[in-house]
1. Can you tell me which residues in segment 420-474 are of a type in the set (Lys, Arg), more than 23 Å from residue 330 (Cβ to Cβ) and either outside any helix (DSSP H, G or I) or within 35 Å of the chain's Cα centre (by Cα) (or both)?
2. In this structure, is residue 277 assigned to a helix (DSSP H, G or I), basic (Lys, Arg) and open to solvent by 60 Å² or more (accessible area, probe 1.4 Å)?
3. Report yes if some residue within segment 105-116 is β-branched (Val, Ile, Thr), out of contact with any strand residue (DSSP E or B) (no Cβ under 9 Å at 6 or more places or on another chain), assigned to a loop (DSSP other than H, G, I, E, B) and buried (at least 19 other Cβ atoms within 10 Å of the Cβ); otherwise report no.
4. Looking only at segment 343-362, filter to residues that are touching a residue at least 24 places away in the same chain (Cβ under 8 Å), more than 17 Å from the chain's Cα centre (by Cα) and open to solvent by 20 Å² or more (accessible area, probe 1.4 Å); which one of those is farthest from residue 434 (Cα to Cα)?
5. With under 22 Å from the mean Cα position of the chain (by Cα) and at pLDDT below 95 as the only criterion, which of 81, 18 stands out?
6. Kindly evaluate residue 210 against the criterion of being closer than 30 Å to residue 232 by Cα and surrounded by 24 or more Cβ atoms within 10 Å (Cβ to Cβ).
7. If I go through segment 37-50 residue by residue, how many of them are open to solvent by less than 40 Å² (accessible area, probe 1.4 Å), over 21 Å from residue 421 (Cβ atoms) and either of a type in the set (Ser, Thr, Tyr) or not in a helix (DSSP H, G or I) (or both)?
8. Taking only pairs six or more apart or across chains, which ones have beta-carbon atoms under 6 Å, a first residue in segment 254-265 that is open to solvent by 20 Å² or more (accessible area, probe 1.4 Å), and a second residue that is polar (S, T, N, Q)?
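The values are calculated or read from the model by the stated rules, or taken from the named source; none is laboratory data. Just so it is clear, the model here is predicted, and its values are computed rather than measured. Heads up, the Cβs are rebuilt from the backbone with ideal geometry, glycines too, and the neighbour counts pull from every protein chain shown. When the accessible area is computed, the model is the full protein with side chains, heavy atoms only, and any ligands, DNA or RNA have been set aside. Shrake-Rupley method; radii C 1.70, N 1.55, O 1.52, S 1.80 Å.
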Amino acid sequence: MPDICFCFEVHQPYRLNSNFNKALTKNKRFEELFDIYFDNEWNKTILKRVAEKCYIPATESILENIDKFKQEKKKFKVSFSLSGVLIEQLERWMPKVLDLFKQLIKTGCVELLNQTYYHSLSSLFQTKQEFIEQIILHKSLIKDLFNYESKIFENTEFIYNNSIAKTLEKLGFKGVFTEGAERILLWRSPNYIYKAKETNLLLLLRNSRLSDDIAFRFSSRNWIEWPLTADKYAAWLSATPGQCINIFIDYETFGEHQWKETGIFEFLKWLPIEALKYENLEFKTPSELISFHKPVDEIDVHDFNTVSWADTERSTNAWLGNEMQKTSFNALVKLEPYVKKTMKKDIIKLWRFLQISDHLYYMYNKPDASGIVHGYFSQQPPVKVFWTFITILSDFYEKVAENLNEPEKTFLKLLRVVPPEEAFHFHENGKYINLSAHSLEEFKNMLLFASNYSILFHTACKHFEKWIKNVIGDQELADKLSKIEGNTVEELRQNLYRCVNERLTQISTIKNI
């Protein structure tokens, strides 16, 4: 007798200003940089469109169905996970939608989940402090706005591993959603409650096939099951064995991703009616599930096997699968101690806006089925997104440095990322070899991957020390690099690497952050 847990993720990012002009940031306060770094006219337009096409009609339909069954023994129940940045935009541009969500909460048939306020990848930072801070911010927002507290967590795009689970348990959560990926389930079914490795935290696993039938396949006329009607889907649910069926999808599925003309709103209207005709089906919230059902087994997800609900790989490759994404992520992470050293709320908040996972998601560049999905959301070429992001982040580095005292100010300038036009691009025989360094740290790592010819060419032309001196601004390191020699190319490479690494170690030792 499976219980149906129907959940929606509701999130809209602040999209970057693709026409960013560094000159406009001169002498600007941090609160003024927000409208320079981000295209808020575009953000406003998109939010209003999505609200009119999805949030308002879908929420009104759910309210009607909740009301329809309020006197019945079996009720219609759903759950929502709203990002903090989405709520901010609704407060600013579409408060009507927030009023509808408040009506939902008052019915007693809706559960709100917690997530990171900024829908970020902070759970993947080496330390979990930023992750914890963003969770606390989100919990406070939900409490203040809806007078609601939850013990169930949904991390950004279902990102999950054992260390995340341990952090969540320490914060008092009782359950967490993640993807029912085959590689973590092995022979087991996602339709049961499990326990996280070495914790008492309970795992709610998404049934990806039944979720994606609605989210992705609903309007596909090439799908053998098209058209998907509410009565057909309800029959599938009734015939599915297990304790629970977790259907978790983007809320924008209704009206935005699947247009009204596909019949998606009729499906939403009739699904609870058709499902509750079956004696063995009942809608429950996540908290009810973990209270009613006992875990049947333990799930072990090592950090190197981190799971998500993104793409066919169900991994972190959607955000960290290429060098552009890794460069951007690492640059964000390295800023943390400096940003927090300033103790200025506007600086910290702006840094967190730059953490929104969508920025990295839009940099995905594989020409596969997943790439089509990424491109649909981005509407820009991945390289252009990267150039915009790194250019803005480079400017932000400089602005943060100006708010620090010595020696942190000097060290952050040496460690900063630089925009693509100032990066060091490795060449061989006059041709770019697809290796670039946007920071001193990245330059050190690229030395290990550059070809022998490239190392010899740039050393002979003194390109390394010129870049370090003129772009990074480290005269001391440039002087040392100019004296580096080696009896073989490999010895030269290792000596260059050692010299840069020693400088970075020196900075990290002295900076005292």
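1. Matches in segment 420-474: 431, 462.
2. On the way: assigned to a helix (DSSP H, G or I): no; basic (Lys, Arg): yes; open to solvent by 60 Å² or more (accessible area, probe 1.4 Å): yes.
Spelling it out, it is not the case that residue 277 is assigned to a helix (DSSP H, G or I), basic (Lys, Arg) and open to solvent by 60 Å² or more (accessible area, probe 1.4 Å).
3. Residues of segment 105-116 that are β-branched (Val, Ile, Thr), as a first pass: 105, 107, 110, 116.
Now drop any that are not out of contact with any strand residue (DSSP E or B) (no Cβ under 9 Å at 6 or more places or on another chain), which leaves 107, 116.
Cutting the leftovers down to assigned to a loop (DSSP other than H, G, I, E, B) gives us 107, 116.
Next, from what is left, pick out any that are buried (at least 19 other Cβ atoms within 10 Å of the Cβ): 116.
Yes, some residue in segment 105-116 is β-branched (Val, Ile, Thr), out of contact with any strand residue (DSSP E or B) (no Cβ under 9 Å at 6 or more places or on another chain), assigned to a loop (DSSP other than H, G, I, E, B) and buried (at least 19 other Cβ atoms within 10 Å of the Cβ).
4. Of the residues in segment 343-362, the ones touching a residue at least 24 places away in the same chain (Cβ under 8 Å) are 344, 346-347, 350-361.
Add one more test, that the residue is more than 17 Å from the chain's Cα centre (by Cα), and what stays is 344, 346-347.
Still in the running and open to solvent by 20 Å² or more (accessible area, probe 1.4 Å): 344, 346.
On the way: 344: 38, 346: 37 Å.
Result: 344.
5. Numbers: 81 fails: at pLDDT below 95.
18 is the lone residue from the list that is under 22 Å from the mean Cα position of the chain (by Cα) and at pLDDT below 95.
6. On the way: closer than 30 Å to residue 232 by Cα: yes; surrounded by 24 or more Cβ atoms within 10 Å (Cβ to Cβ): no.
No; evaluated as a whole, the condition is false for this residue.
7. Taking segment 37-50 as the starting set, the residues that turn out to be open to solvent by less than 40 Å² (accessible area, probe 1.4 Å) are 37-38, 40, 43, 46-47, 50.
Subset that is over 21 Å from residue 421 (Cβ atoms): 38, 40, 43, 46-47, 50.
Filter again for either of a type in the set (Ser, Thr, Tyr) or not in a helix (DSSP H, G or I) (or both), leaving 38.
Residues meeting the conditions: 1.
8. Hits for this filter: 262/219.
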